[in-house]
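The following block contains the structure, expressed as structure tokens.
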Amino acid sequence: MKVHFYLRYSTKFGENLVIVLDHHGQVQHHPMQYVNQEFWHFALDITDKKPSGAIKYQYELHSTGKLPLNDWEWERTIDLAQHTKGDVQVVDTWSDGGAYEHAFATQPFKDIFFKPDGDTAKVKQIAKYTHEFRAKAPLLRAGERLCLIGSGHGLHDWSVTQPILMNRSGDWWIARADLSHDDFPLAYKYGVWSETTKQFLRFESGDNRTLYFAGDAANAVVLHDGFVRLPNTGFKGAGVAIPVFSLRTNNSYGTGEFTDLKVLTDWAASIGMKLLQLLPVNDTSATGTWTDSYPYAAVSAFALHPLYVNVKAVAGKKHAALLKDFDKKQKTLNSLEAVDYEAVMEEKAKAMRLLYAELGESTLSDKAFLAYFGENKHWLVPYAVFTWLKEQNGTSDFTQWKKYSVYQQKDIDGLTKPGAKSYRDIAFHYFVQWHLHLQLKEATDYAHAKGLVLKGDIPIGIYRYSCDAWVAPELYNMSRQAGAPPDDFAATGQNWGFPTYNWDRMKADGFAWWRQRFEQMSLYFDAFRIDHILGFFRIWSIPLDSIEGILGRFVPAIPVREQEFWQMGIGFNRDRFCKPYISERVLWETFGDDVPHIRPFLQVQTGTNQYEFKPEFNSQRKIQAWMDQQPASELNVQLRDGLFSLLANVILLEDEQGGLHFRFGIDKISSFRHLDDSIKSKINGLYLDYFFRRQDDFWQREAMEKLPALKRATRMLICGEDLGMVPACVPDVMRDLGILSLEIQRMPKKIGSAFFHPKDSPYLAVVTPSTHDMSTIRGWWEEDRSLTQRFYNEQLQGEGDAPFFCEPWINRSIVEQHIFSPAMWSIFQLQDLMGIDGDLRRENPNDERINVPANPKHYWQYRMHLTLEELAKKDSFNADLSEMLQKSGRK
């Protein structure tokens, strides 16, 4: 018996195809043979006397100098038990990962928006057949069925009154036909049949499909035709973005809670929205202070934040009296303008421990809890022990713990064994996580029932002293810090403090940690935003002794070689290029009359008339440690910033292997400016090549080693946050993988453009006027008068001088531009929506901002200034939004 695999794919020069077969657990790679411009072929000999089992297979495209690209239909199968009489011809169509139809096969569409009303009734298929047709049609509407029609007797001679009706099997629609009496080639198409009217509705678009392969009863032909070419009638949705902690209801406890999401759902559904977007909701309680309000520094990538638990929902009516003494404090905290993080956490911890004392024993023996525990113990038990040890030691920095600083499974087993002295205190955290799970899951189910989906947020990093780092430090580069290079938001870059990922180690186990993370997230979310997707191409990696991000470099990256400087006629002086350049001239330029205060930090560089830092001050952290011991003064702050600047006055950074990497933004530093003009020109050429040319293919390969595997690990819709210094390869990779891009009007991706207009958005995209890391529309309007004027004239087509303040009609015009964008999703911060109503919005737009990226110690405490119940009663505002959504087709 032979199985002939024919793949319909038109290759270019330098490309070839490989089939990857998995039969009886044996994986084999076989090169395919070129047939013609339309097909490639491979024949598999089956030597079993009684062929059985399924052959799983997929295709790979190999191109010179590039990683293999997988066909996106990675679960193709042929069941040999169904084909025992003779050979089988399998005719496949390459599945392009960037096809927009893949988006409609994700969780939000399959489970919520396009969920079938029920199983489509099966129609009887003929018993004797020569061909089996398989196709996908995620854009079919309720009450519609796929059908097949074509030339020849077996395909009903193009009869639209009697097409071959197809049956759904999973994602595929399947039909069988006996074409034994027809002449080949045959022409055919798929169409849409109404189950309601029993009438043919329309053909798929495009040219007829052609069938070249004849078969008979003994030698079947199986066709996988991929997606049927149905028109994308433009599913477009709108969503609201707001952190959970920013919600305010009549029953909140000084912060938004998971139960408040149901009230948000009611409001969003009433005006026609389809999505709620949240910031990360994982536990960030590392220090027990307000600095834990930063939602991107989770102590567990799996555990939910105790901040969001509704303690009264835990108590229920039966035990409500236990919390009577908390009522006054709850009202006080809920009346505050912003979140008092420490006070809320303290109150909720006391309430939950009180409830645990009463309910803990019965909860931990409950059948539903035990099922949850069994499914989640891989992260829940280590997290609970970590949290208990953090409390015992007064720090989450496990390197300082006297005992258990190194994770050992046998230690965990001993601490969590029922009957152990520590068990009850550790199990308290099981109790808290269980109720958080119940409340978030209930909110998710409620949103689904209302026709809405939830979009979450996956941070690019983990907190340095987190449970994840304690359990598996080998997955992270603990000696480095992740961040971002300098930009308009942060002149000295950003240092997030997270360790960077050890991608080689993660890849070795098939990205198990990521797959577990996605699985956990999909319990509550239908879509997610990959925070800083550029980190999957390369990450801004900062030395551990740096505080600012300015001395970071992209990792991985192809270094500059010393020989390149010689080849360019520059020469190479390691001390001049690789050490901070500190001359007398530089000192006076930087510090002026304060130079005498700086000299104690420096010493004369041996054999030169230049200075260098004394060993005790040769890093930002050493300088900061010294400054922390001095009296606070404006002068000391200025001196510290100046010393940090001196340390960064360097052209090249060396990696651990001696490779050379350009410091970002060398044109702004005196070390570069003080060079001869002829040398500057040549170095600038190397600099531009380093950042904008030589890395691109390399970074594309890096991303393609990670993102395809991660995308295949989840059914959630993936959206990338592709902002910042974006390599040229990023749009292609995201497009090839069908990952939605993020388009922001004030952050155009086209070089030389001041703005991006939402009408120019691609379909697979999210458009938004602002994010949590930016000022709102109103705040931005007042930041740069010249830029606002240009926006007013060019984007809003206004004449004359722009209004000084962002008046409601301006805010509305900007929102409207985004709502009418062709993008799949228009998502708005709630503050930007309220900005269209002069009576509803806050007086000061600066009070609406959630985060300031340039401030690493920012307090994340923004809350709505009115309750969701009050918002729901703003009839004029809600009617205005609803009408816009209706007219745009997003409702």
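With a Cα-only, solvent-free Debye model of the range 395-462, what are the log10 I(q)/I(0) values at q = 0.23 Å⁻¹?
For the range 395-462 at q = 0.23 Å⁻¹, log10 I(q)/I(0) is -1.06.
What FRET efficiency comes out for residue 29 versus residue 82 if R0 is 30 angstrom and r is the Cβ-Cβ distance? Round to the nearest 0.05.
0.75
What distance in nm separates the simple spin-label points at residue 852 and residue 405, each placed 7 Å from Cα in the Cβ direction?
According to this spin-label approximation, the distance is 3.7 nm.
Return the FRET efficiency for the residue pair residue 67, residue 599: r is the Cβ-Cβ distance, R0 is 56 Å, and the value is rounded to the nearest 0.05.
It comes out at approximately 0.55.
Using only the alpha-carbon atoms, how far is helix 260-271 inclined from the longest principal axis of the chain? Give it as 0 to 90 degrees, nearest 10.
Its long axis makes an angle of about 60 degrees.
Rounded to the nearest 500, what is the 222 nm mean residue ellipticity of the chain from helices alone, with -39500 (n - 2.57) per DSSP H run of 4+ residues and division by all residues?
Roughly -9000 deg cm²/dmol at 222 nm, from the helical runs in the chain.
Positive end of the charge dipole of the range 1-108 (Lys, Arg +1 and Asp, Glu -1 on Cβ, about the Cα centre): tell me which of 47, 81, 97 has its Cα farthest that way.
47
Which of the peptides 259-272, 680-693 is most tightly packed, and how do the rest follow, going by the mean number of other Cβ atoms within 10 Å of each residue?
Top of the packing list down: 259-272, 680-693.
Mind checking the full-extension length gain between residue 750 and residue 583? Use 0.36 nm per residue of separation minus the Cα-Cα distance, one decimal, nm.
Computed gain between residue 750 and residue 583 is 56.1 nm.
Please give the charge dipole size of the range 298-412, origin at the Cα centre, charges +1 on K and R Cβ atoms and -1 on D and E Cβ atoms. Round to the nearest 20 debye.
With Lys and Arg at +1 and Asp and Glu at -1, about 280 debye.
Is any residue of the range 147-172 close enough, with backbone N under 14 Å, to a label point placed 7 angstrom from the Cα of residue 75 along the Cα-Cβ axis, and if so, which?
169-172
Suppose we look only past 15 Å in the calculated P(r) of the range 721-809. What percent of the Cα-Cα pairs does that tail hold?
64 percent
Here is a follow-up. For labels at residue 449 and residue 378 in the simple 7 Å Cα→Cβ model, what's the distance in nm?
Here the answer is 3.1 nm between the modelled labels.
Related question: Residue 47 to residue 531: extension gain in nm, 0.36 nm per residue of separation minus the Cα-Cα distance?
Separation in residues times 0.36 nm, less the Cα-Cα distance, equals 169.2 nm.
While we're looking at this one, here's another question. For residue 801 and residue 160, calculate 0.36 nm times their separation in residues minus their Cα-Cα distance, and state this gained length in nm to one decimal.
That pair, residue 801 and residue 160, stretches by 224.6 nm at full extension.
Round to the nearest 10 and give me the degree value, 0 to 90, for the angle of helix 367-393's Cα axis relative to the longest principal axis of the chain.
Rounded to the nearest ten degrees, it is 20.
Can you list residues from other chains, or at least 5 along the same chain, whose modelled amide H is less than 5 Å from the amide H of residue 248?
864, 868
Kindly list the residues of the range 521-564 that lie in the label zone of residue 397, defined by a backbone N under 16 Å from the point 7 Å along the Cα-to-C-beta vector.
The answer is 544-547, whose backbone nitrogens lie closer than 16 Å to the label point.
Share of the range 351-433's accessible area from carbon and sulfur, percent, 1.4 Å?
The computed percentage sits at 51.
Now a separate question. I need the P(r) histogram for the chain: all alpha carbon pairs, bin width 10 Å from 0 out to the longest distance, whole percents.
For the chain, the pair-distance distribution reads 2, 10, 18, 21, 20, 16, 9, 3, 1, 0.
If amide hydrogens are placed 1.01 Å from N in the peptide plane, which non-local residues have theirs closer than 5 Å to the one on residue 502?
476, 477
Out of the DSSP beta bridges found with both residues in the chain, what percent are antiparallel (nearest 5)?
65 percent
If one takes the longest principal axis of the Cα atoms in the chain, at what angle in degrees, from 0 to 90 and to the nearest 10, does the Cα axis of helix 341-364 lie?
Approximately 50 degrees, to the nearest 10.
Also, I was wondering about something else. Could you give the dipole magnitude of the range 555-652 about its Cα centre, charging the beta-carbon of Lys and Arg +1 and that of Asp and Glu -1, in debye to the nearest 20?
Rounded to the nearest 20 debye, it is 320 debye.
Continuing with this model, one more query. Of 306, 434, 514, which is farthest on the positive side of the dipole of the chain, counting Cα position, with +1 on Lys and Arg Cβ, -1 on Asp and Glu Cβ, and the Cα centre as origin?
Positive-end residue among those listed: 434.
Another question, then. Probe radius 1.4 Å, ligands and nucleic acids ignored: give me the carbon and sulfur share of the accessible area of the range 626-674 as a rounded percent.
Carbon and sulfur together cover 48 percent of it.
Taking the dipole about the Cα centre of the range 167-222, with the C-beta of Lys and Arg at +1 and of Asp and Glu at -1, give me whichever of 177, 191, 213 is farthest to the positive side.
The residue sitting farthest along the positive end of the dipole is 191.
Right, something else. When the dipole is taken about the Cα centre of the chain, and only Lys, Arg (+1) and Asp, Glu (-1) are charged at their Cβ, what size is it in debye, to the nearest 20?
Using only the charged Cβ atoms, the result is roughly 1660 debye.
Listed here are the pairs 579/622; 312/441; 614/668; which of them are more than 19 Å apart at the Cα?
Over 19 Å apart, Cα to Cα: 614/668.
Further question: Using a cut-off of 20 Å between alpha-carbon atoms, which aspartates and glutamates can reach residue 367, once sequence neighbours fewer than 8 places away in the same chain are excluded?
358, 375, 442
Of 480, 735, which has the most accessible area and how do the rest follow, probe 1.4 Å?
Largest accessible area first, the residues go 735, 480.
Give the carbon-plus-sulfur fraction of the accessible surface of the range 223-347 in %, rounded to a whole number; probe 1.4 Å, heavy atoms of protein chains only.
Carbon and sulfur together cover 53 percent of it.
Name the lysines eligible as straight-distance cross-link partners of residue 49: C-alpha to C-alpha under 18 Å, and not fewer than 8 places from it in the same chain.
Filter leaves 2, 85.
How large is the accessible surface per residue of the range 1-47, computed with a 1.4 Å probe and reported in Å² as a whole number?
Accessible surface, normalised per residue, equals 57 Å².
With every protein chain left in place, what is the accessible area per residue of the range 533-586 in square angstrom, probe 1.4 Å?
Per residue, the range 533-586 has 39 Å² of solvent-accessible surface.
In square angstrom, what is the accessible area per residue of the range 634-793 with a 1.4 angstrom probe?
Per-residue value: 40 Å².
Can you give me the distance in nm between label points at residue 126 and residue 4, each placed 7 Å from the Cα along the Cα-to-Cβ direction?
2.1 nm
For the range 294-378, what does the alpha-carbon gyration tensor say about shape, rounded, prolate or oblate, given a ≥ b ≥ c as the root eigenvalues, a/c under 1.5 as rounded, and a/b over b/c as prolate?
Since a/c reaches 1.5 but b/c is at least a/b, the shape of the range 294-378 is classed as oblate.
I need the calculated FRET efficiency for the pair residue 184 and residue 715, taking r as the beta carbon distance and R₀ as 60 Å, to the nearest 0.05.
So the FRET efficiency works out to roughly 0.95.
Another question, if that's okay. Give the aspartates and glutamates whose C-alpha is closer than 18 Å to that of residue 115, dropping any in the same chain fewer than 8 places away, or say none.
Straight-distance partners of residue 115: 101, 144, 171, 195, 445, 526.
The values are calculated or read from the model by the stated rules, or taken from the named source; none is laboratory data. Predicted model only: the values in this text are computed from it and were never measured. Because the Cβ atoms are built from the backbone with ideal geometry, glycine has one as well, and the counts that use them run over all protein chains shown. Protein only, heavy atoms only, side chains kept; ligands, DNA and RNA dropped before computing areas. Shrake-Rupley method; radii C 1.70, N 1.55, O 1.52, S 1.80 Å.
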